[in-house]
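Let me begin by presenting the structure, written as structure tokens, before commenting on it.
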Amino acid sequence: MKKTVKDIDVRGKKIIARCDFNVPQKEGEITDDTRIRAALPTIEYLIEEGAAVILMSHLGRPEGEPNMKYTLKPVAKRLSELLGKEVIFAESPVVVDDDVRAKATSLKAGEVMLLENVRFRKEETKNGPEFAKELASLADIFVNDAFGTAHRAHASTAGVADYLPAVSGFLIEKEVKFLGNAVENPKRPFVAIMGGAKVGDKISVIENLLKKVDTLIIGGGMAYTFYKALGYEIGTSILDKDSIDLAKSLLKRAEEKGVKLLIPVDVLCAKEFKNEAETLICDSDDMPEDMMGMDIGPKTIELYKKEIERAQTVVWNGPMGVFEMENFAKGTLEIAKALGESEAVTIIGGGDSAAAVEQFGLADKMTHISTGGGASLEFLEGKELPGIAVLEEK
Ligand code: ADP
Ligand code: MG
């Protein structure tokens with residue numbers, strides 16, 4: 001177990017906390033502040049406990065150069081509104097300079113300041129020790145609460161811990177608790193549902209989960225690579241050619257391990273990749289050559305729902321179909337609903353799966369929705385994330 005902000009004395013200390021404020025924007029306006037809100041519990045705790053709080057984050061990909069398109073200034077404003085108190089924005093093209101150091105030195109207990117985008121510095125993504133040292137010099141303790149970037153060993157996510165005591169914030173604590181427990185210590189039956197476009201993206205996750213689960217359910221575009229592996233024709237469906245052999249070996253390994261591996265028994269096909277396209281429902285081994293699989297079919301939905309009903313733990317990553325198009329969202333919606341109704345521990349990982357669940361208004365029915373796309377996948381792969389590895393053990 002990693003130490004959290006609750007395990008240390010923060011009163012009167014200067015804390016430098018890495019958050020994930022990488023929010024979507026349109027013309028300088030933040031269009032979704034979920035990530036800022038997700039950081040509030042840790043920030044509010046630090047304020048209440050009398051720490052002086054210095055925050056840092058990246059935003060977009062400024063590629064190691066100052067670029068005002070990616071300034072964190074709008075985040076300082078939004079954060080100030082959400083906290084109901086001033087957030088000092090330490091504007092600097094190099095993130096840390098004499099003026100920023102002076103601001104940090106005079107920062108008092110209960111005050112909050114935000115540094116400029118850490119990716120304005122080339123050293124950030126290279127985990128350059130000079131930059132990590134500069135960041136560390138501003139504070140007494142490092143808090144990592146940016147789960148979304150915890151799979152990257154950058155100066156602000158890992159390097160800074162070489163120079164300061166390091167603990168986790170509440171967001172990382174929660175992610176580790178739910179994702180970690182689900183995979184290492186699941187209540188059984190443990191069901192994993194994998195979907196999304198390509199098998200190739202998820203090989204390591206499937207391989208790792210195959211060692212842990214009782215049932216592995218496959219949906220989404222990756223199903224057709226499994227069909228190919230079984231010798232079915234898949235029309236114009238999305239195919240991950242390089243992964244056909246891998247799909248074969250996964251089918252074989254599942255059988256050897258006694259894991260129930262389910263692939264869709266029927267398919268909702270379309271003539272074209274668009275919402276208004278002509279459609280047809282067919283069995284898995286009967287796909288027309290001029291159509292593509294866009295969603296799981298009704299028989300598959302029923303089959304998968306039954307499996308979910310029996311489960312005690314469900315980890316879901318990847319939509320069951322092209323859910324962005326209304327006519328092909330049913331499989332994903334029905335699976336999401338079944339998870340919402342289930343008594344099981346339900347964990348959603350992956351950016352698009354989380355977005356789907358939000359879009360359906362079912363987010364509060366799930367046990368945990370991971371805030372990190374890539375990071376949650378690497379966690380499910382069983383990898384140790386660098387931004388978590390550097391934190392002190394309890
Ligand atoms: P996540 O972000 O949850 O890990 P992925 O990024 O792996 O999920 O996959 C999401 C994408 O997969 C969605 O954009 C969805 O449209 C696409 N997808 C799902 N099913 C199909 C399909 N049958 N054909 C093409 N694309 C699909
Ligand atoms: Mg995605």
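Roughly what % of DSSP beta bridges within the stretch 237-394 run antiparallel, to the nearest 5?
60 percent
Between Lys306 and Asp140, what is 0.36 nm times their sequence separation minus the Cα-Cα distance? Round to one decimal in nm.
Residue separation times 0.36 nm, minus the Cα-Cα distance, leaves 54.5 nm.
Taking the Kirkwood radius as the inverse of the mean 1/r across Cα pairs, report the Rg/Rh of the chain.
1.03
Among DSSP beta bridges whose residues both lie in the stretch 5-169, state the antiparallel percentage, nearest 5.
10 percent
Net charge near Lys394, counting Lys/Arg +1 and Asp/Glu -1 over other residues with Cβ under 14 Å of its Cβ?
Once positives and negatives cancel, what remains is 0.
Mind checking which aspartates and glutamates have their C-alpha under 20 Å from Lys69, skipping anything on the same chain fewer than 8 residues away?
Straight-distance partners of Lys69: Asp20, Glu27, Glu29, Asp32, Asp33, Glu91, Glu116, Glu123, Glu124.
So for the stretch 32-158, Kirkwood radius off the Cα pairs, Stokes-Einstein at 20 °C and 1.002 mPa s: how many µm² s⁻¹?
It diffuses with D of about 146 µm²/s by this estimate.
Can you give me the accessible area per residue for the stretch 1-81, using a 1.4 Å probe, in Å²?
With the other protein chains kept in place, the stretch 1-81 gives 50 Å² per residue.
By per-residue mean of other Cβ atoms within 10 Å, what is the highest-first order of 34-46, 64-76?
Descending packing order for the listed peptides: 34-46, 64-76.
If you place +1 on the Cβ of every Lys and Arg, -1 on the Cβ of every Asp and Glu, and leave all else neutral, what size is the dipole of the stretch 319-383 about its Cα centre, to the nearest 20 Debye?
60 debye
Under 10 Å, Cα contacts only: if you run a Gaussian network model on the chain, which one of Lys228, Lys274, Lys330 comes out with the highest mean-square fluctuation?
Largest GNM mean-square fluctuation: Lys274.
Taking the Cα centre of the stretch 186-380 as the origin, how large is its charge dipole in debye, to the nearest 20, when only Lys and Arg (+1) and Asp and Glu (-1) carry charge on their Cβ atoms?
So the magnitude is around 880 debye.
Leaving out ligands and nucleic acids, note down the accessible area per residue over the stretch 186-380 with a 1.4 angstrom probe, in whole Å².
43 Å²
Report the gain in length on full extension from Arg253 to Glu65: 0.36 nm times residue separation, minus Cα-Cα distance, nm rounded to one decimal.
The Arg253-Glu65 span can extend by a further 63.0 nm.
With every protein chain in place, what's the accessible area of Lys77 (1.4 Å probe, Å², nearest 10)?
Roughly 130 Å² of Lys77 is accessible to a 1.4 Å probe.
Give me the percent of DSSP beta bridges within the chain that run antiparallel, rounded to the nearest 5.
Antiparallel bridges make up about 25 percent of those DSSP assigns within the chain.
Picking from Gly235, Ile218, Gly180, whose Cα lies most toward the positive end of the charge dipole for the chain (charges on Cβ: Lys, Arg +1; Asp, Glu -1)?
Positive-end residue among those listed: Gly180.
Quick one: what does P(r) look like for the stretch 240-394 with 10 Å bins over all Cα pairs, in whole %?
Pair shares across the bins are 10, 31, 37, 18, 3, 1.
Report the charge-dipole magnitude of the chain in Debye, nearest 20, computed about the Cα centre from +1 at each Lys and Arg Cβ and -1 at each Asp and Glu Cβ.
Taking the Cα centre of the chain as origin, the dipole is about 980 debye.
If the elastic network links every pair of Cα atoms under 10 Å, which of Glu111, Glu307, Glu29 fluctuates the most in the Gaussian network model of the chain?
Result for the chain, Cα springs under 10 Å: Glu29 fluctuates most.
Which of the lysines could a cross-linker bridge to Lys13, judged by Cα under 17 Å and excluding same-chain residues fewer than eight apart?
Those lysines meeting the cut-off are Lys3, Lys103, Lys108.
Can you give me the C-alpha center-to-center distance between the stretch 263-334 and the stretch 165-223, rounded to a whole angstrom?
Cα centroid of the stretch 263-334 versus Cα centroid of the stretch 165-223: 21 Å apart.
Tally up the carbon and sulfur contribution to the accessible surface of the chain as a whole percent, 1.4 Å probe, everything protein left in place.
After summing per-atom areas, the C and S share lands at 48 percent.
Could you order the peptides 376-389, 49-62 from most to least packed, using the average number of other C-beta atoms within 10 Å per residue?
Descending packing order for the listed peptides: 49-62, 376-389.
Can you spot the aspartates and glutamates whose alpha carbon is less than 14 Å from Lys257's alpha carbon? Ignore those fewer than 8 places along the same chain.
Reachable aspartates and glutamates: Glu207, Asp214.
If amide H atoms are built 1.01 Å from N in the plane of the peptide, which residues on other chains or at least 5 residues away come under 5 Å of the amide H of Ala17?
Ile54, Leu55, Met56, Val143
Please list the non-local residues whose amide H lies under 5 Å from the amide H of Leu262, H modeled 1.01 Å from N, same-chain partners needing a gap of 5 or more.
Leu216, Ile217, Ile218
The values are calculated or read from the model by the stated rules, or taken from the named source; none is laboratory data. It should be emphasised that the depicted structure is a prediction, and the values quoted were computed from it without experimental measurement. Cβ coordinates were reconstructed from backbone atoms using ideal geometry, including for glycine residues, and neighbour counts include every protein chain displayed. These area figures cover heavy atoms from the full protein model, side chains too; ligands, DNA and RNA do not enter into them. Shrake-Rupley method; radii C 1.70, N 1.55, O 1.52, S 1.80 Å.
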